[in-house]
1. Give segment 60-86 a look and list any residue that's over 27 Å from the mean Cα position of the chain (by Cα), open to solvent by 30 Å² or more (accessible area, probe 1.4 Å) and hydrophobic (A, V, I, L, M, F, W, C), or say none.
2. Across segment 175-194, what is the total count of residues that are in contact with a Leu (Cβ under 9 Å, 6 or more places away or on another chain), of a type in the set (A, V, I, L, M, F, W, C) and more than 17 Å from Ala242 (Cβ to Cβ)?
3. Tally time: how many residues in segment 87-113 are of a type outside the set (Val, Ile, Thr) and either surrounded by 17 or more Cβ atoms within 10 Å (Cβ to Cβ) or under 19 Å from Thr465 (Cβ atoms) (or both)?
4. Checking the condition more than 28 Å from the chain's Cα centre (by Cα) and at pLDDT 95 or above, which residue from Val376, Val360, Val372 passes?
5. Test of understanding: among Gly310, Gly344, Gly314, which residue is among the small types (Gly, Ala, Ser) and on the phi > 0 side of the Ramachandran plot?
6. Report whether or not Val100 is closer than 24 Å to Gln229 by Cα and at pLDDT 90 or above.
7. Search segment 152-190 for residues being more than 30 Å from Lys130 (Cα to Cα) and among the basic types (Lys, Arg), and hand back the single one that is most open to solvent (accessible area, probe 1.4 Å).
8. Run down Val258, Val244, Val219 and say which single residue is closer than 18 Å to Tyr179 by Cβ, part of a helix (DSSP H, G or I) and either at pLDDT below 95 or open to solvent by less than 10 Å² (accessible area, probe 1.4 Å) (or both).
Amino acid sequence: MDSNSNSNSDFPNHNQDPITTVVKQNGFFHPKLSSEPARSPSRAAEMASPANTDPKVVTGTAGYVLEDVPHLTDYFPNLPTYTNPLQDNPAYSVVKQYFVHFDDSVPQKVVVHKDGARGVHFRRAGPRQKVYFEADEVQAAIVTCGGLCPGLNTVIRELVCGLNHMYGVKKVLGINGGYRGFYARNTITLTPKSVNDIHKRGGTVLGTSRGGHDTKKIVDSIQDRGINQVYIIGGDGTQKGASVIFEEVRRRGLKVSVVGIPKTIDNDIPVIDKSFGFDTAVEEAQRAINAAHVEAESVENGIGVVKLMGRNSGFIAMYATLASRDVDCCLIPESPFYLEGPGGLFEYIEKRLKENGHMVIVIAEGAGQELVSESVQSMSTQDASGNKLLQDVGLCISQKIRDHFAEQKTLPITLKYIDPTYMIRAVPSNASDNVYCTLLAQSAVHGAMAGYTGYTSGLVNGRQTYIPFYRITERQNHVVITDRMWARLLSSTNQPSFLDVKGAHEETKEEETLHQVPDEHCSKETSANKDISSRIHAAAC
């Protein structure tokens, strides 16, 4: 491939600081102040590196906002570029306009109004005409962190094969054992042959762990090993760690692309349409729900309770319930519920048993923790990732249901409790997730080779995009119980909304007041609600 010293046509020209030059040393590009005595590369890089870490935002007409991701040329203006080898790849010879245009972006929201602003966009993923790494120069590293999830091995496989088959990269290392593996364990050499069949089994061939994030040691390892592309697969906590690694890499002035691939079986990463492994989890959850349904309908007053994953977000429980159609009640962390009294869970169970003779309850692991934590002293205990250790709410609620009906002596019940949690997350990914993992991995590779860094590869409105780390780590994604999807679930199960007693009385009182007030007051309330909604929307943007 021919080197081209001109600026890449895909990127605007950057003005170089007249006193700063960029020198290549041990595979890295280090800023060096030519007007001062020579320093160690790290110290010179620290002085020359920009201290500003503000988001990279581009604005356009009609309210267009592009939340862009960092690029190596932001810090090293005169990096050489190379012709993308894909243009000579016979596999892509039939593709028209295969290379993504610089101005291509994807809107965060596709529902717009005629006179509304165009809104927030993200840079579209895909190959560029010019790349910033030669194949022989690349030393890539892949690491998996956090809990298991279907599709991890598929992502690893496609990263290795994508780097090799599309760009000719031969040197790919697997970091064994999560973040601490950078400095505490051996690496694994990954080749297309060694990863050929790993997508057929669950888990991760690289091993994983929680915690162990020592930024200095990790970046020291990256620098010492000559790694210049780092692919980090993990959930929101892992992506926060990736963001910190990116900032330290940039501070040291290293030509290293740091790329995140979002992984969480709970689907609680914001912005993206969904995380990989989620479809497989919902599909596998059907097996447990079906078993609970069979057990429940086979006996008189049978109750099947299924606990599914969902520490803070109830997406698996919600989608599995909608897909199953055998569930009578779905309990998630976002929608509080109570047990006793009018409108409570016990009353609803009795009602459903009298109507149908059996029922199935699905509960997310993070739901109803306040109902079981009163007598438990370990609720403040955290795991290595800083997550609060949860009690087995499914087991606790099951026992409370048994105790209630034993005391009432109104209905003799038979209850079966099923917890398929670790069975679900340990299976290989299904066809849908395998395709999605391939797209995520290839998009991540295209971005790193094109010089982008400090981003997460993700699907937004059906398009692959590059999302800055700060958008991925700013919050968690939750089920919105005032949204249509939750309303669809309530309509499907016919369960109550489980407002607490006080809330139910206040809701009734407000409704009665609204029926008695004049129409102009209702108009004022509507106007106020619109104002609140607009402020929430503005804050979200």
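The values are calculated or read from the model by the stated rules, or taken from the named source; none is laboratory data. Just so you know, these numbers come straight off a predicted model, no measurement behind them. Note: ideal-geometry Cβ built from the backbone for every residue, glycine included; neighbour counts use all protein chains shown. To get the accessible areas, we keep the full protein, side chains included, count just its heavy atoms, and leave off ligands, DNA and RNA. Shrake-Rupley method; radii C 1.70, N 1.55, O 1.52, S 1.80 Å.
1. Ala62 - this is the single residue of segment 60-86 that is over 27 Å from the mean Cα position of the chain (by Cα), open to solvent by 30 Å² or more (accessible area, probe 1.4 Å) and hydrophobic (A, V, I, L, M, F, W, C).
2. 2
3. Of the residues in segment 87-113, 11 are of a type outside the set (Val, Ile, Thr) and either surrounded by 17 or more Cβ atoms within 10 Å (Cβ to Cβ) or under 19 Å from Thr465 (Cβ atoms) (or both).
4. Val360
5. Gly310
6. So Val100 passes the test.
7. This residue is Arg185.
8. Working: Val258 fails: part of a helix (DSSP H, G or I); Val244 fails: either at pLDDT below 95 or open to solvent by less than 10 Å² (accessible area, probe 1.4 Å) (or both).
Residue meeting the stated conditions: Val219.
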